[in-house]
Amino acid sequence: MIVTIDNPPVNALGAEVRQGLWDAIGAAEDPGVKAVVIHAAGRTFPAGADIREFGKPPADPWLPDLCNRIEACDKLVVAALHGTALGGGFEVALACHTRIALASAKVGFPEVNLGILPGAGGTQRAPRLCGAQEALTLMIEGKPIDAPTAMAMGLIDGVVEEDLLEQAILLAGMLVEEGKPLRRSGECRDGFRDPIGYEAAIRAARAVKRDPNLPAPGRIIDCVEAALLLPFENGLGYERAAFEDLVASEASAGLRHAFLSERRAGHIPEAHATPREIAQAGVVGGGLMGAGIATALLGAGLHVTLVEADRERLAAGLGRIDDLHERAVKRGRLSADAREAEWDRLGGTTDLAGLGAADLVIEAVTEDEALKAGVFRDLDRVMKPGAVLATNTSYLDVDDLARVTDRPADVVGLHFFSPVQAMRLVEVVAAAKTAPEVVATGFALAKRLGKVAVRAGVCDGFIGNRMLTAYRMAADILLEEGAAPAEVDAAMRDFGFAMGPYQVADMAGLDISWARRKRLADSRDPAQRYVAIADRLCEAGRFGQKTGAGYYRYAEGSRTPEEDPAVADILQAERSARGIEPRRFGKVEIRQRCLFAMVNEGAKILAEGIALRPSDIDVVMLAGYGFPRWRGGPMKAADRLGILQVRNALRGWAADEPFWTPAPMLNDMIKNGRHFDDMNAEEAQKS
C-alpha cells in the first residue's frame with residue numbers, strides 16, 4: 001500500500017495529515033496488504049509539526065499516538081524520505097520499521113530552536129538507534145544532517161540517488177519476502193551497546209555551560225538519559241511531560257513567536273509583484289559596509305562591480321573583500337575553489353559609467369545626504385532603464401534621495417547591518433514612489449543572501465535605529481540621573497542581551513554617532529531633553545575601544561571594559577550642570593525603563609505606519625540589535641508583561657520627564673482590551 005502525504009508547501013503534520021496517516025495505518029490491517037510505503041508529494045517529506053498548533057488544545061490524533069500506531073503496525077512500514085525530514089517528520093520516519101532516503105535528503109531535530117524537544121518519541125527512538133552522543137548532538141545543536149551521514153549513524157537504512165518511491169517499493173517487497181521480524185525502533189538496543197560510553201556522553205553534555213534562560217537542552221539530556229534507564233513506554237511518558245513543560249515556558253513562547261514573526265515579515269503589500277531579475281550588481285563605496293555588501297552579493301552568485309572615488313580607495317575596498325574571503329576560508333565557511341570563483345565575478349572601477357549594465361546598484365558611501373544625493377544623480381545618468389537604485393542609508397530620507405533622480409519608482413532603501421557577513425537583517429525601505437516590484441526585488445534579494453527582510457516606511461532611522469535611539473535615550477537618562485554605565489550594562493545583560501548599550505557603543509566607536517549629532521544640532525528640538533554625556537566623552541578624546549577609552553577604559557591590546565573614575569567625574573559634572581541630584585537605580589527598574597522605552601517607540605512607529613505589524617518590530621530588534629531571541633522581541637515582551645503595566649510605568653515616569661509620555665496607541669489598546677499579538681493576527685488575515 002502506498003501512502004502519499006500531500007500538504008504543501010512543506011507537508012506539515014497538521015491535524016488533517018495526522019488523521020490521514022492514522023486512517024491509512026488502520027487500512028493496512030486488511031489481509032491483502034503486505035506492506036506500507038509512506039512517502040510525500042512535492043518538495044519534501046514532512047518538515048515538521050504544524051507550529052501554529054503549539055499552545056492550543058491538542059487535536060486528535062496526537063503525533064505521539066500516531067507514531068506509536070505506526071510502530072505497532074503488524075505490517076511492514078517503510079518511510080521514503082526526500083527533501084528535509086525534520087522534527088515531527090523525522091519522528092514519523094523513526095517510527096516506521098525501515099527508512100530509505102534520497103542522498104540529497106536531510107534529517108534532523110530543530111525543535112531546540114523553538115525552545116522545545118522532539119515530543120513524539122524522538123528522544124527515545126533516536127538514541128536506541130544511534131547512541132547518546134549522536135542523538136544529543138542532533139537534538140541540542142538542532143542542525144540537520146545529510147542522508148549518508150544519518151545512514152552511517154544508524155538512523156536510516158538505505159540511501160539511493162534516484163527513483164526513491166520505486167526503490168522503496170522494491171525494498172518493501174524484498175523485506176516481506178525475506179520474512180524477517182519487523183525492526184521496531186522502540187525495541188532496538190543498538191545505541192545501548194556501550195552503556196559506559198552512553199553515560200559518559202550524558203555527563204559530558206551536562207558539563208557544558210548553557211544559557212539558564214533556555215531550558216530545552218537540559219531537558220533533552222534528561223530524556224536521552226531516560227531512554228537508557230527506563231522501559232520504552234515509561235520513557236515516552238517522561239518525554240511527553242518534558243515537552244509539555246517546555247511548550248508552556250516563556251522561552252519557548254518567545255522562540256516560537258520569533259520563528260513565526262520572521263515568516264510573517266514576508267507578507268507585504270507588494271507580495272503580488274514580480275521581482276526584477278538581478279544578475280549583475282554594483283556597490284558604490286568600498287568601506288566596511290560596502291565591502292561587506294559586495295561580499296554577500298558575490299556569495300549569492302552575482303557578478304559584482306565595486307566603485308570607489310580613486311584607485312587608492314578602490315584597492316583598499318578590494319582588499320577588504322579579500323580579507324573577508326580569507327577569513328571565511330579559514331573558518332571553513334568557504335572553500336578555496338569557491339573563493340576563486342567569487343573573485344572571478346568581482347570587478348572594480350573608479351568610473352560610475354562602469355555600472356551601465358548593472359541590474360542593481362547599492363550605494364554605500366558615507367552617511368552624508370549631499371554626498372549620497374550626488375551619487376544618485378550620477379547613477380541616474382548612467383544606469384539602464386529598469387535597474388534598481390538602492391541606498392544603504394541608516395537614517396536619511398529615501399524620498400529625498402529618490403527625488404534627485406528621474407526614476408523614483410526604481411529607488412529603494414536596503415539597510416544592511418554591520419558586520420554584513422554576520423547580521424541577518426535587511427530593512428527594505430519603501431519610499432513614496434517605489435514601485436511594488438522594486439520592493440519585492442529587495443525581499444527576493446534578501447532571501448537570496450540568506451537574510452531576513454523587514455519592510456519599513458520612510459522616517460529618521462526607519463524601524464531599527466528609531467528603536468535603538470529610544471533605548472539609548474532611556475539608558476542615557478539613567479546615567480544622567482545617577483546610574484553608572486556598568487550598572488546599566490549589567491542589567492541589560494541580565495535581561496538577555498549579549499552586551500549592554502555602553503559596551504556596544506565603545507565597540508562601535510563613539511565618534512561616528514557624535515559626528516551625526518553635530519550634523520543634526522541645528523535641527524534638534526530645543527524642547528526635547530538632550531543628554532550630552534557622550535559628547536563630553538568624545539571631546540575628551542574617548543572614542544571607545546579604538547582609543548583605549550570610552551564609557552570604559554581598556555588596557556593596551558585588550559577589549560575587556562574596566563570602570564574608569566574619569567567617566568564618573570564626567571557624569572558628576574553633567575549632573576551638577578543640570579542640577580540633578582543622583583539616585584540609585586535597581587536592576588529591575590533599569591531593565592523596565594530601557595524595555596518600556598522601546599515598546600513606547602514601537603507603538604509610535606506602528607501608529608505612523610512605518611512598520612506593518614508589531615512582530616516586524618520584534619524581528620528587527622532580534623535580527624539586527626541583539627535583543628534576546630527567547631524573549632521574542634520588545635513588543636512580545638510587552639504583551640507578556642501586560643500593556644497596562646507598561647503604560648502605567650511610563651505615565652509615572654512622565655511626571656518628571658516628558659520623554660516617557662505614553663504613546664496614544666497604548667491607551668487605546670488598554671481601553672479596547674487589545675494586545676500587540678492581536679494586530680499581528682489581523683495583519684495575517686489581510687495577507
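The values are calculated or read from the model by the stated rules, or taken from the named source; none is laboratory data. As the structure is a prediction and not an experimental result, all values here were calculated from the model. Cβ: placed from backbone, ideal geometry, glycine included. Neighbour counts: every protein chain shown.
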* List the pairs whose first member sits in the range 437-452 and is within 16 Å of Gly386 (Cα to Cα), whose second member is among the polar types (S, T, N, Q), and whose Cβ atoms are under 7 Å apart, counting only residues at least 6 apart or on separate chains? -> Glu437/Thr274; Ala440/Thr274
* Asked: Pairs, please: C-beta under 6 Å, at least 6 apart or cross-chain, first residue touching a residue at least 24 places away in the same chain (Cβ under 8 Å) and in the range 238-265, second among the aromatic types (Phe, Trp, Tyr) and part of a helix (DSSP H, G or I)?
  -> Ala251/Trp630; Gly254/Trp630; Leu255/Trp630
* Asked: Would it be correct to say that Val329 is in contact (Cβ under 8 Å) with a residue 40 or more places away in the chain and either touching a Ser or Thr at 6+ places or on another chain (Cβ under 8 Å) or under 21 Å from Ala446 (Cα atoms) (or both)?
  -> no
* To do: Run down Ala226, Ala241 and say which single residue is modelled with pLDDT of 95 or more, assigned by TED's automatic domain parsing to the domain that holds Phe109 and either surrounded by 14 or more Cβ atoms within 10 Å (Cβ to Cβ) or of a type in the set (Val, Ile, Thr) (or both).
  => Ala226
* Asked: Here are some residues: Pro217, Pro181. Which one is at pLDDT below 95 and out of contact with any strand residue (DSSP E or B) (no Cβ under 8 Å at 6 or more places or on another chain)?
  -> Pro181
* To do: Output yes when any residue across the range 156-168 is in contact with a Phe, Trp or Tyr (Cβ under 8 Å, 6 or more places away or on another chain), buried (at least 22 other Cβ atoms within 10 Å of the Cβ) and in the same structural domain as Arg183 (by TED's automatic domain parsing), and no when none is.
  => no
* To do: Considering each of Glu581, Glu589, Glu574, Glu601 in turn, give the residue that is assigned by TED's automatic domain parsing to the domain that holds Gln545, more than 30 Å from Gln645 (Cβ to Cβ) and either of a type outside the set (Lys, Arg) or in a helix (DSSP H, G or I) (or both).
  => Glu574
* Asked: Tell me, which helices (runs of 4 or more DSSP H) lie completely within the range 153-265 with 3 or more residues that are over 37 Å from the mean Cα position of the chain (by Cα)?
  -> 164-178
* Are any residues in the range 452-471 surrounded by 21 or more Cβ atoms within 10 Å (Cβ to Cβ) and charged (D, E, K, R), and if so, which ones? -> Arg455, Arg466
* Asked: Which condition does Gln19 not pass, out of (1) crowded, with 16+ Cβ neighbours inside 10 Å; (2) closer than 29 Å to Val176 by Cβ; (3) of a type outside the set (A, V, I, L, M), if it passes all the others?
  -> (1)
* Looking at Ile140, is it β-branched (Val, Ile, Thr), under 20 Å from the mean Cα position of the chain (by Cα) and more than 15 Å from Ala49 (Cα to Cα)? -> yes
* To do: Answer yes if at least one residue in the range 68-78 is buried (at least 20 other Cβ atoms within 10 Å of the Cβ), modelled with pLDDT of 95 or more and under 17 Å from Val17 (Cβ atoms), and no otherwise.
  => yes
* Asked: Hey, among the residues in the range 437-470 that are under 18 Å from the mean Cα position of the chain (by Cα) and assigned to a loop (DSSP other than H, G, I, E, B), which one's nearest to Ala281 (Cα to Cα)?
  -> Leu449
* So which residues in the range 567-589 are more than 16 Å from Ala532 (Cα to Cα), among the hydrophobic types (A, V, I, L, M, F, W, C) and either surrounded by fewer than 12 Cβ atoms within 10 Å (Cβ to Cβ) or in contact with a Cys (Cβ under 7 Å, 6 or more places away or on another chain) (or both), if there are any at all? -> Val588
* Asked: Just one of Glu481, Glu487 is more than 30 Å from the chain's Cα centre (by Cα) and of a type in the set (Asp, Glu); which is it?
  -> Glu481
* Residue among Gly317, Gly347, Gly354 that alone is under 24 Å from Ala444 (Cα atoms), surrounded by 14 or more Cβ atoms within 10 Å (Cβ to Cβ) and either out of contact with any His (no Cβ under 8 Å at 6 or more places or on another chain) or among the small types (Gly, Ala, Ser) (or both) -> Gly347
